[in-house]
Amino acid sequence: MTSPSYASLKWRAIARRHPSAFLLAAQLLSLIAYPLFEPAGGGRVVFGAFGVLVLALAVWVVNRSPAIKWIAWLLAAPAFALSILSVLLASDVLLVASSALEALLYFYAAGSLIAYMMSDHRVTADELFAAGATFTLLAWGFAYAFLVCQAWYPGSFVGVERPGEPRTWIELLFLSFTNLSAVGLGDVIPLGSGARVLVMLEQFAGVGYIAAVVSRLIGLTILRRERG
């Protein structure tokens, strides 16, 4: 067997065993890449390209979980098309439409991963990757929901810098991460009723995720070590 063939088979085996790791890696890589392209104005294009990749990976992960597959494809197909068109045509309307579908897909994928992690009493390495991927999916989903809310209700979010302008994607994503993790950091504040409701829902989701899912994984891991 040649070396390239062996390497290919090895990566395929890893992908089958740890699909959630690829989803988590793609989202974290997009965060790292964004600052490199933002000064040249290409941040939106980069996020659009990574968004397409994340959409594909999210559907792939859902297909390996107990979720209904056709729902994921029903959300992913138009979201994929609108995401590409929004980048090519620089259309804000298409961007909002794709963001709404992507938010739904990310929430659905997050729910599917939670069902996957709660389906047995044995903690695997992929379930630990799934825990991280679920957190990022929730953060991305609410960030896209914030983007839609801002488009529907201008002035929903205000920031320390440029207070009269709409918040950028990275600002809304930063708000989503800080809100979901409850660290209390951030220079973006929700003002409208819709924005505040979304923020409260994300706070509830963050606390519930830590209490119900993460604590369960930690407890099962400790129990397995004690029995071992």
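The values are calculated or read from the model by the stated rules, or taken from the named source; none is laboratory data. Note that the structure is predicted; figures quoted are calculated from it, not measured. Cβ placement follows ideal geometry from the backbone for every residue including glycine, while neighbour counts extend to all protein chains displayed.
Here the condition is being at pLDDT below 95 and touching a Gly at 6+ places or on another chain (Cβ under 6 Å); of V160, V188, V214, it holds for V188 alone.
For V87, state whether it is in contact with a helix residue (DSSP H, G or I) (Cβ under 6 Å, 6 or more places away or on another chain), assigned to a helix (DSSP H, G or I), modelled with pLDDT under 85 and under 15 Å from L137 (Cβ atoms). Against the criterion (in contact with a helix residue (DSSP H, G or I) (Cβ under 6 Å, 6 or more places away or on another chain), assigned to a helix (DSSP H, G or I), modelled with pLDDT under 85 and under 15 Å from L137 (Cβ atoms)), V87 does not qualify. Scan region 60-70 for residues that are under 17 Å from the mean Cα position of the chain (by Cα), modelled with pLDDT of 75 or more and surrounded by fewer than 20 Cβ atoms within 10 Å (Cβ to Cβ) and the total you get is 1. Among the listed residues L94, L128, L105, L82, which satisfies the condition of being in contact with a Ser or Thr (Cβ under 9 Å, 6 or more places away or on another chain), under 19 Å from A26 (Cβ atoms) and either in contact (Cβ under 8 Å) with a residue 12 or more places away in the chain or among the charged types (D, E, K, R) (or both)? On inspection, the qualifying residue turns out to be L128.
Can you spot a residue in region 109-120 that is at pLDDT below 80, hydroxyl-bearing (S, T, Y) and surrounded by fewer than 16 Cβ atoms within 10 Å (Cβ to Cβ)? Looking through region 109-120, at least one residue is at pLDDT below 80, hydroxyl-bearing (S, T, Y) and surrounded by fewer than 16 Cβ atoms within 10 Å (Cβ to Cβ). Can you work out which of the residues in region 11-36 that are modelled with pLDDT of 75 or more and touching a Lys or Arg at 6+ places or on another chain (Cβ under 9 Å) is surrounded by the fewest Cβ atoms within 10 Å (Cβ to Cβ)? Of everything passing the filter in region 11-36, P19 is surrounded by the fewest Cβ atoms within 10 Å (Cβ to Cβ).
Looking across region 159-181, the residues that are surrounded by 12 or more Cβ atoms within 10 Å (Cβ to Cβ) and of a type in the set (A, V, I, L, M) come down to I170, L172, L173, L175, L180. Checking every residue in region 127-138 against the condition of being touching a His at 6+ places or on another chain (Cβ under 9 Å), of a type in the set (D, E), closer than 16 Å to L23 by Cα and at pLDDT below 80 gives zero matches. Once region 107-140 is narrowed to residues that are part of a helix (DSSP H, G or I) and polar (S, T, N, Q), the residue that is farthest from the chain's Cα centre (by Cα) is S112.
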